[in-house]
Amino acid sequence: MQLPPELQQDADKALAQLKDTYSDFSQWSQERLTQLQQVTAMSKFVTEALQQDQTLFEQLPVMLGESSREQAYRERLAALLAVCEQEVDGHRVLRRFRNREMVYIAWRDFLNDWTLEESLSHLSMLAEAMIFETYQWQYQACCKEWGTPCNAAGEAQPMLIIGMGKLGGGELNFSSDIDLIFTYPENGETQGARRSIANAQFFTRLGQRIIKALDQQTFDGFCYRVDMRLRPFGESGPLVMSYAALEDYYQEQGRDWERYAMVKARVMGREMYPEYQELRQMLRPFVFRRYIDFSAIQSLRRMKSMISSEVRRRGLGNNIKLGAGGIREVEFIAQVFQLIRGGREPSLRGRGLLETLDAIETLKLLELNEVNQLRDGYCFLRRQENLLQAMADKQTQTLPDNESEQRKLAFAMGFDDWKSMLSATEQHMLNVHSVFANLIGEDEEDEDANPIAKHFHELWDMVGRAEVIEHILQHDLNVENAQDKCATIQQFKADLAKKTLGPRGREVLNRLMPKVFSAIYSHKDAEFGLPRVLHVLHRIVTRTTYLELLDEHPAALTQLVRLCTASPMISEQLGRYPILLDELLDPAHLYNPVPLESYKTELRDYLARIPEEDMEQQMEALRQFKQTCILRIAAADIAGVLPVMKVSDHLTYLAEAIVEAGINQAWQQMAAKYGEPHI
């Protein structure tokens, strides 16, 4: 692509600067010289890096002959660090290695010479190599000084470095911070030195050295801004924690945003994968809930609201990451599905955003055109972000207001002018925000969109005053036997006092109960519905996620009231098996049982997601399938969708499918233990 006249001037100036520094360009072919002009016209970072590093200037044409360099990062860097006796020498090696490889990446980016995925992978693998080889180099140095950290059995203990955010997801941007958490398996003391120190002290000193090696500004620059604030207790917490301490923290104090962050967590260094599995298994229940977890929507909505407030306060409306429809909204959309359904859908547990969008498309959680809009918007904005940062190696996501920089960015993105690129950017962000608003909602909910009458709020808030409750039931709701209904409501609230409800649970319950009363008393048989619905709520009240499900989805609450009012059996089942509440989300699905001929194939597909050897989970899945189908058959019966004879047919076919699956499981179990019988 021919440089426009304005950029040709910048290219000539950059080339003149390089010719003032170097006299020999013999290793540069005419094709590479043309590319050199084009890249240096757009990137001050590449120009300055070439000027300051003669080795890079001489080696770059050879480096550019390689289509990929990421697999060799660690080996090359380890060899360079192995000969560094002094810390200052290692710091210089790290910074020069980083700058040389970043020039290679920027070059390929500006020429659009590879895919976005290849660019992000190189950036992430480079960061991982820098982090892990620095750890290996400094671990050996620390062991020489203070001995090797060991557990009670005398086994050497490593330190695991967990990459968070885009680093963990393998989608790091060009000038990104790196978010890290340090941890180690077991406590103990160092061995092999004159004086032992505790493992915690050893790893804290090691962590400090790693941060210094990567983050400190020297004559050669720096490698990465290291951010440790995602660790437990943030800046006030210890720099390094043991597995046990980490598990205790997340189980007892872990917050919603920490679940969000932990989705992308990945240990640095493939050698550490076996060590990491133990920790990952510990943390999985915190990140991915076994049930469908709708608390994620409200949590992410609050986070987005805080970000939007910050964008408005700082005037960041043209920020392609934080603005409406920006990169962050695509990330939120992907992680809503990961946090809500990841516990039950393994395909949603991937760390990368693009692979998560592929899973969302496969599972049909969004319309195909919506997934395509998110994918196209994300790829466009991420490429734009990388180019924006590679221009001067600065961490920015704000579109430039300088005409010269606007021309450079537009040309790098393949547009004839700034106006065309800006129009395309705005369209992508509009598409993303439309999906975001439909799925997660705007920053602030409209309180008047679905008003609940004042007396329903008072019915809950004034439970302690029987005369007020009875007056509301008699005069506002025309309820007979108001005294008995008042006693039912009061007993329900008294029983709640015996249960452990956290602040979040109480908040959701206070928001939900007026809606519950409104739904119950909009039904003609409310006298039956009230005790049955309260029975279900009493059974699930400590499971805040299910309260949030009903609060977030009015249709689900309506179905709950309708079914419980019509059937005491259904209210009992929902109370015993709260996972069935997930079925209330889609009325069209709820009142439409599995076709008679499909029970066996549906059950087979349902069980196929679980390893055959995991008998306990297979049995649990059988029970869940049966309960779900019974609920749908009962709902269809209540709604009059199925005649009585068809109801019995469905129950029969369901039983046959369950029995057949049970026999198959028993056969596999016996065959595995005793072998198969032969004639």
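Filtering region 619-663 to residues that are of a type outside the set (D, E, K, R), open to solvent by 50 Å² or more (accessible area, probe 1.4 Å) and under 21 Å from Pro578 (Cβ atoms) leaves Met619, Ile638. Does Lys673 count as modelled with pLDDT of 75 or more and out of contact with any helix residue (DSSP H, G or I) (no Cβ under 9 Å at 6 or more places or on another chain)? Considered against the rule, which asks whether it is modelled with pLDDT of 75 or more and out of contact with any helix residue (DSSP H, G or I) (no Cβ under 9 Å at 6 or more places or on another chain), Lys673 comes out as yes.
Here region 225-273 is the region considered, the condition is being among the small types (Gly, Ala, Ser) and within 26 Å of Arg95 (Cα to Cα), and the residue that is farthest from the chain's Cα centre (by Cα) is Gly269.
If you go through region 559-579 and keep only what is open to solvent by 20 Å² or more (accessible area, probe 1.4 Å) and small (Gly, Ala, Ser), you end up with just Ala566.
Does Ile320 qualify as being over 30 Å from Phe45 (Cα atoms) and β-branched (Val, Ile, Thr)? Walk me through it before giving the result.
On the way: over 30 Å from Phe45 (Cα atoms): no; β-branched (Val, Ile, Thr): yes.
The answer is no for Ile320.
Please go through region 30-54 and give me each residue that is within 27 Å of Arg407 (Cα to Cα) and outside any helix (DSSP H, G or I), ordered by number. Step through it out loud before you land on a result.
Looking only at region 30-54, we keep the residues that are within 27 Å of Arg407 (Cα to Cα), and these are 30-52.
Listed by number, the list holds a single entry, Ser43.
Conditions tested, residue by residue: (1) more than 30 Å from the chain's Cα centre (by Cα); (2) more than 24 Å from Ala392 (Cβ to Cβ).
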| residue | (1), (2) |
| --- | --- |
| Met130 | no, no |
| Trp137 | yes, yes |
| Ala141 | yes, yes |
| Gly165 | no, no |
| Asp177 | no, no |
| Ile181 | no, yes |
| Glu189 | yes, yes |
| Gln208 | no, yes |
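If you scan region 465-496, which residues turn out to be more than 19 Å from Val533 (Cα to Cα) and free of Cβ contacts under 8 Å to residues at least 24 places away in the same chain? Those that are more than 19 Å from Val533 (Cα to Cα) and free of Cβ contacts under 8 Å to residues at least 24 places away in the same chain: Arg465, Glu467, Val468, Glu470, His471, Ile472, Gln474, His475, Asp476, Asn478.
Between Lys673, Lys600, the distinction of being surrounded by 15 or more Cβ atoms within 10 Å (Cβ to Cβ) and either free of Cβ contacts under 8 Å to residues at least 12 places away in the same chain or out of contact with any Leu (no Cβ under 8 Å at 6 or more places or on another chain) (or both) belongs to Lys600 only. Number of residues in region 83-118 that are under 21 Å from Phe222 (Cα atoms) and within 29 Å of the chain's Cα centre (by Cα) equals 5.
Given the criterion open to solvent by less than 50 Å² (accessible area, probe 1.4 Å), assigned to a helix (DSSP H, G or I), closer than 26 Å to Leu409 by Cα and among the hydroxyl-bearing types (Ser, Thr, Tyr), identify the matching residue among Tyr104, Tyr73. Working first, answer last.
On the way: Tyr73 fails: closer than 26 Å to Leu409 by Cα.
Among Tyr104, Tyr73, only Tyr104 is open to solvent by less than 50 Å² (accessible area, probe 1.4 Å), assigned to a helix (DSSP H, G or I), closer than 26 Å to Leu409 by Cα and among the hydroxyl-bearing types (Ser, Thr, Tyr).
Per-residue answers, yes or no, for (1) outside any loop (DSSP other than H, G, I, E, B); (2) at negative phi; (3) in contact with a strand residue (DSSP E or B) (Cβ under 7 Å, 6 or more places away or on another chain):
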site	(1), (2), (3)
Glu145	yes, yes, no
Ala153	no, yes, no
Cys223	no, yes, no
Pro232	no, yes, yes
Met241	yes, yes, yes
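Taking the numbered list (1) surrounded by fewer than 22 Cβ atoms within 10 Å (Cβ to Cβ); (2) modelled with pLDDT under 80; (3) not in a helix (DSSP H, G or I) in turn, Ser522 passes all entries but (2).
Can you tell me how many residues within region 237-293 are small (Gly, Ala, Ser) and loosely packed, with under 14 Cβ neighbours inside 10 Å? Qualifying residue count for the region: 1. Condition test on Arg98, is it out of contact with any strand residue (DSSP E or B) (no Cβ under 6 Å at 6 or more places or on another chain), in contact (Cβ under 8 Å) with a residue 60 or more places away in the chain and not β-branched (Val, Ile, Thr)? The answer is yes for Arg98.
The residue of region 132-153 that is most open to solvent (accessible area, probe 1.4 Å), among those that are of a type in the set (A, V, I, L, M) and under 20 Å from Ser242 (Cα atoms), is Ala152. Looking across Leu33, Leu60, Leu56, one residue alone is aliphatic (A, V, I, L, M), more than 41 Å from the chain's Cα centre (by Cα) and open to solvent by less than 60 Å² (accessible area, probe 1.4 Å). It is Leu33. Leu80 is checked against (1) under 20 Å from Gln216 (Cβ atoms); (2) under 32 Å from the mean Cα position of the chain (by Cα); (3) among the hydrophobic types (A, V, I, L, M, F, W, C); (4) open to solvent by 60 Å² or more (accessible area, probe 1.4 Å) and fails just one. What number does that condition carry? Here Leu80 clears every test but (2). Which residues, counting only those in region 525-555, are assigned to a helix (DSSP H, G or I), of a type outside the set (A, V, I, L, M, F, W, C) and open to solvent by 50 Å² or more (accessible area, probe 1.4 Å)? Hits for region 525-555 are Glu527, Pro531, Arg532, His535, His538, Arg539, Pro554.
Taking the criterion of being assigned to a loop (DSSP other than H, G, I, E, B) and open to solvent by 10 Å² or more (accessible area, probe 1.4 Å), the residues of region 174-196 that qualify are Ser176, Asp177, Pro185, Glu186, Asn187, Gly188, Gly192, Ala193, Arg194, Arg195, Ser196.
Determine whether Lys485 is at pLDDT below 85 and farther than 30 Å from Cys379 by Cα. Spelling it out, it is not the case that Lys485 is at pLDDT below 85 and farther than 30 Å from Cys379 by Cα.
Just to be sure, is Ala156 open to solvent by 10 Å² or more (accessible area, probe 1.4 Å) and in contact with a Ser or Thr (Cβ under 7 Å, 6 or more places away or on another chain)? So that I can check it myself, show each step before the final result.
Values: open to solvent by 10 Å² or more (accessible area, probe 1.4 Å): yes; in contact with a Ser or Thr (Cβ under 7 Å, 6 or more places away or on another chain): yes.
Against the criterion (open to solvent by 10 Å² or more (accessible area, probe 1.4 Å) and in contact with a Ser or Thr (Cβ under 7 Å, 6 or more places away or on another chain)), Ala156 qualifies.
Does region 205-221 include one or more residues that are at pLDDT below 95, of a type in the set (Phe, Trp, Tyr), touching a Leu at 6+ places or on another chain (Cβ under 9 Å) and part of a loop (DSSP other than H, G, I, E, B)? Taking every residue of region 205-221 in turn, none turns out to be at pLDDT below 95, of a type in the set (Phe, Trp, Tyr), touching a Leu at 6+ places or on another chain (Cβ under 9 Å) and part of a loop (DSSP other than H, G, I, E, B).
The values are calculated or read from the model by the stated rules, or taken from the named source; none is laboratory data. Just so you know, these numbers come straight off a predicted model, no measurement behind them. Every residue, glycine as well, gets a Cβ built from its backbone with ideal geometry; the counts of neighbours run over all protein chains shown. These area figures cover heavy atoms from the full protein model, side chains too; ligands, DNA and RNA do not enter into them. Shrake-Rupley method; radii C 1.70, N 1.55, O 1.52, S 1.80 Å.
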